[in-house]
Amino acid sequence: MNVRTYPLLATVAIFLVAYAACYAQFPAMLSTRVIGNLLTDNAYLGITAVGMTIVILSGGIDLSVGSVIAFSGVFIAVVLRDTGLHPLPVFAMLLIITTAFGAAMGGLIHGLAMPPFIVTLAGMFLARGAGYMLTIDSVPIDHPFYELIDDAYWLMPGRGRFTLIGGLMLVSVLAGMIIAHRTRFGASVFALGGGEQTARLMGVKTGRTTVLIYAFSGFMAGLSGIVFSIYTGSGYPLATVGTELTAIAAVVIGGTLLTGGAGYVFGTLVGVMTMGLIQTYIVFDGSLSSWWTKIVIGALLLFFIVLQKGILRLSVAGGAMAGAGR
Amino acid sequence: MMSRTLRRIAPQLVTLAVLAALISVVFPGFLEISVSDGRLVGPVIDILKRGATVALLAIGMTLVIATRGIDLSVGATIAITGAVAAWSISNGLGLAGALSLAIAVGLVAGLWNGVLVAIIGIQPIVATLILMTAGRGVAQLITEGRILTFSHDGLAFLGSGDVLGIPVPALLWPVTGIAVALLMRRTALGLLIEAIGINRRASALAGINARLLLIAVYMTSGLCAALAGIITAADIRGADANNAGLWLELDAILAVVIGGNSLMGGRFSVAASLFGAMIIQTIDTGILLAGFPSEYNLVIKAALVVAILVLQSPRLASTWIYWGMRLRNRRAADAARIREAGE
Amino acid sequence: MLLTITELSKSFPGTRALDGVDFDLAAGEVHALLGENGAGKSTLIKCLTGAYQRDAGEILLDGQPIHPRSTSEAQELGIGTVYQEVNLLPNLSVAQNLTFGREPMRFGMTRGRAMRAEARETLKDYGLDIDVGRDLGSYSVAVQQIVAIARAVQLSGKVLILDEPTASLDAEEVRMIFDVVRALRDRGLGIIFVSHFLDQVFELTDRLTVLRNGRRIATERTAGINRMQLIEHMLGHELEEVEKKARRSAPGVPSDRPEMLRFAGLGRRGEVEPFDLTVRVGEVIGLAGLLGSGRTESAELMFGAKTAQTGGASDADGTVAIDNPRNAIAAGFGFAPEDRKTEGIVADLSVRENIVLALQASRGWARPIPRAEQNRLADMFIARLDIRTSDAEKAVGDLSGGNQQKVVLARWLAMNPRFLILDEPTRGIDVGAHAEILRLIQEITAEGMSIVVISSELEELIAVSDRVIVVRDRRHVAELTGSDIESETIVLWIAAPDAQDGRAA
């Protein structure tokens, strides 16, 4: 058994145990309704977390995604309000913008040899500011196409709704899994996370890969913005403040090493679901306050960070990593 | 000594002067200070007061960044310490009790980060992320999710009172800044912190207790966040666990970076970071005064960050050195050729 | 010849790393490249792999001149390299590492099964039957090395450079690697083998070339040279006459001097076996031994840079705590490490700050050294050690290697320690500074300070030492005094396979 799968197994185990505990207390939690809502409510988070997973696997971080999601909602709402365009071409335009935005950040990170943290911090300000410049109000979206999407769901047995956006998240996760684990680009991402120097020696084009990584994250943030605008039916520049942190937390709780090089996209889905589960439990309980979510997530973060550190030490002590330059 | 400090903070001073001039063009009364009710009033005083929280955070953040670290948790610490201060004053602990409890909690938060970084060996950005996430929940736990208001004039004085006509927050950050800067430069702390930030291994071999220093630095950052938390709560006479200090860690980091301190650690200047904080606040206030919609604020900040990044970039620096060397080599070659031609 | 290098030169600011070096390699040959640190081995290899661009000279591969500009270009030309630090990705599977960059694809996706099959097939040639789906990092270093060799051979296939591939392996693992190397030689590859393990060189290689101070000293058939000759080539002792003259004028009788410190049973598993060492006042003890023999590790244990698992130190007043550098410094120890850049200087700090650093650390943060006193110390040492700097405020990182070394020395002399450990104090510095540092060592011992000097240069050790300890295979094997301190005896002890122990003793 590979030691690197331990965090993933821990993630899955924690989710299953937590779910079982919830079920024991509230049998209603094991219903297609709850599961359908879990998927729908966390769809935008899950999609952007997939992008974040790729970024973190490469040893980077993207603080701009929350702002990009907000910008996307505002962009869609304002363009739909002010022009007669159909949402689909607007979506396409938006995805081009956010992807280019991510690519530009990747280019700066590589070109300036600057920490991703500070470059994407600038990106965070810029995207949020761009949203403000479009509007400072919440702009409702009422387009027949949006109503169509809202009604697009499959009624599961047990009257749970499997919505289009929930499905889109699952598709995104699947796509992320293929990209990360089954393509050359994905291998390059892991290589970068394992060590830039070694990656270059093995023939990875680091500049191109870095640009692509952040472009991908920008694309996913844009997609997440579309989903979020469908979910809320509006665009608001102050929305999704702090989503980047929630996404990072989901990735780490999903068992991905925050310093890069090890992890699974599937784990991120479980991480997102775990966080959604905590919130659902608090809603079911009724007496618990919402801030427990943050505290539990913080505790989970601590657990996974220390677990990863322990695994790293363990493998160093075992000599398996000796000479690997870690 | 003085001239060296001046030279170090000159870019920040020039930036401030340019900003002041620009704002004055659009808003002529920008630099005016008048006295009303025995208090100084005017945009500049307002900047000094409103910039206090970021300035206080920037003091601790400067030290953390000098050790090659980063402290993402200061915003959450503001929320916690503000909540602690408000809670203890409403529970009759008195001003001294409330202040010391809040400061103690800030120090504990710093200790937590310091232990994770220095002893367990977790990367600073990762280690402080934990408290950043959980801290706000802890603060909400204390305030029970409400805005915990209090009516205690002593505590409120720290946020909205004034001494000799100057708002207390506007006094607090320069005093703290000067105290920390003096502590750094009048003792050997500054040198030792710079040494571990540049080369921790060599410093340890030279006998510097790097672990202890690192913990102390994160605790200083926690202390500064506690001070910021106290004045934030005092200003609004209440603790708002949801919004107090929200995203201020990013502004604080930005202030340090604008202050010309490298994120790679090493040489630092507390004064320059404080001016960095004032630059951020001047932009915020200036945009409002100039009648621009505040929406532009973030875009300008973003542009500022990128500009500074480009100037600080190690890759660009090496390019400049490369061009400089080529120029020098070419000159030397030219000189040699001229000499040869002459013989 | 498969590969011919003529008159290769490469300089760096302040040093001439390679000075007209010739080297050749035949197909189906294992050719050892030997020399101590700083001899020019790694520079030569980096010129071959495209990491450095040579200043002058020619490299012919299959008779064609080549100018590799990057590692990947060298690979395409047919030159592959395997380093001591495995240059593969431990976080990817063995199969991914082997096929990285040319994975079998279908519909734009990598075909995991085909990839693993290919990897298994490849490794079969190397006698390795492992689960290629697991992370590389979960295997032993030996397996990782073989995977690295397999990848290098697949990508290049003419010349294979093995740079200290066995440094962290045990005997059984070394055998595995050797079998692989022999099989590759029989397939007609030319293999350059860099190692400081002489046994391995004698066992594996057909020819050997020795470099010293950037120059080629000798190229010989391995079978035609013995250990002694080889070590003499590596450490050099042609300057017998000079060294006699440089010898301390009054060697004194060391055993007469009062004892100052006693290390007893100091050891750490995997670093150096427990050793005893008595240090007398004003004495210079030389630690002789090849790279990797345990000489640096001995110093690190004495200074507490690594904590000893057994043993300890004592002086006339009782036990001396040396479990970490701070305690050792408090006990009056100083240590100038071998790797100046990462362990010695604090590059961005000024000359003055670097000089006062240890003194300040020992005084504690609350008692700063007054600026005037700092300036006085800095100026004094700049003058006394002849540190070439425009002024005391210049960043140490901007000085030359020799001057950086002097700054580190000044840092310790400012402490006025009683016991100073100098690990390779003259490494990589020019001849002038070299002599000055040796003169300085004699000067400070005259004041009663005791010194341990570690050096790869025998002449240097012989010139300054009152006593020489020989370290071999992580053990202190001999202590030489008086007339025994001469190169032949030292070389004999460094070389001695165990059978010779009895004779020499």
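Here, each number is a calculation from the coordinates, and none is a lab measurement. Nothing here was measured: the structure is a model prediction, and the numbers come from that model. Here Cβ is always computed from backbone atoms with ideal geometry, including for glycine, and neighbour counts include all displayed protein chains.
If you take every DSSP beta bridge whose two residues both sit in the protein assembly as shown, what share of them, in percent to the nearest 5, is antiparallel?
Around 60 percent antiparallel, to the nearest 5.
What 222 nm value per residue comes from the helices of chain A, counting each DSSP H run with n ≥ 4 as -39,500 (n - 2.57) and dividing by all residues, nearest 500 deg cm²/dmol?
Value at 222 nm, helices only, nearest 500: -24500 deg cm²/dmol.
Can you compute the modelled spin-label distance between B:Arg4 and B:Glu144, with each label point 7 Å from Cα toward Cβ, in nm?
Between B:Arg4 and B:Glu144, the simple spin-label model gives 5.6 nm.
Quick one: net charge around C:Asp256, please, counting Lys, Arg +1 and Asp, Glu -1 for every other residue with C-beta under 14 Å from its C-beta.
0
Using the Cα centre of chain B as origin and beta-carbon charges of +1 (Lys, Arg) and -1 (Asp, Glu), tell me which of B:Ile193, B:Leu63, B:Val105 is placed farthest towards the positive end of the dipole.
Working it through, the farthest residue towards the positive pole turns out to be B:Ile193.
Relative contact order of the range C:58-139, please, whole-number percent, based on alpha carbon pairs below 8 angstrom and at least 6 residues apart.
Result for the range C:58-139 is 30 percent.
Which percentage, to the nearest 5, of the DSSP beta bridges contained in the range C:355-505 is antiparallel?
Bridges in the range C:355-505 that DSSP calls antiparallel: roughly 55 percent.
Report, as an integer, the average count of C-beta atoms from other chains found within 10 Å of each Cβ along B:116-123.
3
Given the Cα-Cα distance of C:Glu436 and C:Asp473 and 0.36 nm per residue of separation, how much length would full extension add, in nm?
10.1 nm
Restricting attention to the alpha-carbon atoms of the protein assembly as shown, what are Rg (one decimal) and Dmax (integer), both in Å?
Radius of gyration, then largest Cα-Cα span, for the protein assembly as shown: 33.1, 103 Å.
By how many degrees, 0 to 90 and rounded to 10, does the Cα axis of helix C:401-413 deviate from the longest principal axis of chain C?
On a 0 to 90 degree scale, this one is about 40.
Using only the Cα atoms of chain C, what are the Rg and Dmax in Å?
24.9, 83
Consider a paramagnetic label point 7 Å from the Cα of A:Ala152 along Cα→Cβ; state which residues of the range A:213-233 have an amide N under 17 Å from it.
A:223-233
Taking amide H positions as placed 1.01 Å from N in the peptide plane, with prolines and chain starts having none, which residues 5 or more places from A:Gly235, or on another chain, fall under 5 Å of its amide H?
Those lying under 5 Å, H to H, from A:Gly235 are A:Val139, A:Ile141.
Suppose we keep just the DSSP beta bridges with both residues in chain C; what percent of those would be antiparallel, to 5?
Looking only at bridges with both residues in chain C, the antiparallel portion is about 55 percent.
From the C-alpha gyration tensor of the range A:77-211, pull out the three semi-axes of the equivalent ellipsoid (sqrt of 5λ each), sorted largest to smallest, in whole Å.
After scaling each eigenvalue by five and taking roots: 35, 24, 12 Å.
About the Cα centre of the range B:2-312, what is the dipole size in debye to 20, counting +1 per Lys and Arg Cβ and -1 per Asp and Glu Cβ, all else neutral?
With Lys and Arg at +1 and Asp and Glu at -1, about 1080 debye.
State, as an integer percentage, the relative contact order of the range C:345-415 based on alpha-carbon contacts under 8 Å between residues 6 or more apart.
51 percent
When N is the residue count of chain B, what does its C-alpha Rg come to as a fraction of 2.2 N^0.38 Å?
So chain B has a normalised radius of gyration of 1.12.
Using Cα-Cα distances under 8 Å and only pairs 6 or more residues apart, what relative contact order does chain B have, in percent?
RCO, chain B: 30 percent.
Taking the dipole about the Cα centre of chain B, with the C-beta of Lys and Arg at +1 and of Asp and Glu at -1, give me whichever of B:Val257, B:Gly29, B:Leu72 is farthest to the positive side.
The residue sitting farthest along the positive end of the dipole is B:Val257.
Calculate how large, on average over all directions, the projected area of the Cα convex hull of chain A is; give the answer in nm² to one decimal.
Directional mean of the projected Cα hull area for chain A stands at 17.5 nm².
Using amide H atoms built 1.01 Å from N in the peptide plane, name the residues 5+ places from C:Arg212, or on other chains, whose amide H lies under 5 Å from its own.
C:Ile217
After finding the eigenvalues of the alpha carbon gyration tensor for the range C:345-415, what semi-axes result from the square roots of 5 times each, listed largest first in whole Å?
19, 12, 11
Summing +1 for each Lys or Arg and -1 for each Asp or Glu, what net charge is found among the other residues whose Cβ lies under 12 Å from the Cβ of C:Arg280?
Summing Lys and Arg as +1 and Asp and Glu as -1 gives -1.
Applying a 10 Å radius around every beta-carbon, put A:161-171, C:384-394 in order of their mean neighbour count, most first.
A:161-171, C:384-394
Place a +1 charge on the Cβ of each Lys and Arg in the protein assembly as shown and a -1 charge on the Cβ of each Asp and Glu, then give the dipole magnitude about the Cα centre in debye, rounded to the nearest 20.
For this selection, approximately 1520 debye.
Find out how many positive minus negative residues lie around C:Met109, taking Lys and Arg as positive, Asp and Glu as negative, among other residues whose Cβ is under 12 Å from that of C:Met109.
+4
Evaluate peptide C:347-353: per residue, the Cβ atoms of other protein chains within 10 Å of its Cβ; return the mean as an integer.
Average neighbour count from other chains, rounded to a whole number: 4.
Within the set C:Lys306/C:Lys341; A:Lys205/C:Lys306; A:Lys309/C:Lys306; A:Lys309/C:Lys46; C:Lys46/C:Lys406, which residue pairs have Cα atoms separated by over 27 Å?
The pairs that break the limit, which is 27 Å between Cα atoms, are A:Lys205/C:Lys306; A:Lys309/C:Lys46; C:Lys46/C:Lys406.
Mean residue ellipticity at 222 nm from the helices of chain B, using -39,500 (n - 2.57) per DSSP H segment of n ≥ 4 over the full residue count, to the nearest 500 deg cm²/dmol?
Calculated from helices alone, the mean residue ellipticity at 222 nm is -24500 deg cm²/dmol.
Count neighbours as other Cβ atoms within 10 Å of each site's Cβ, and list the chymotrypsin sites (Phe, Trp or Tyr not before Pro) in the range C:88-179 that are DSSP loop with at most 10 such neighbours.
Answer by residue number: C:Phe107.
Specify the angular offset, from 0 to 90 degrees and rounded to the nearest 10, of the alpha carbon long axis of helix C:351-363 from the longest principal axis of the alpha carbons in chain C.
For helix C:351-363, the angle is close to 70 degrees.
How shielded is A:178-186 by partner chains, expressed as the average number of their Cβ atoms within 10 Å of its Cβ atoms?
4
Could you rank the peptides C:41-50, C:59-68, C:406-415 by their average count of other C-beta atoms within 10 Å per residue, with the highest value first?
The most tightly packed comes first, giving C:406-415, C:41-50, C:59-68.
To the nearest 20 Debye, how big is the dipole of chain A about its Cα centre, given +1 on the beta carbon of each Lys and Arg and -1 on that of each Asp and Glu?
For this selection, approximately 1080 debye.
Can you give the angle from 0 to 90° between the axis of helix B:270-289 and the longest principal axis of chain B, with both taken from C-alpha atoms, to the nearest 10?
70 degrees
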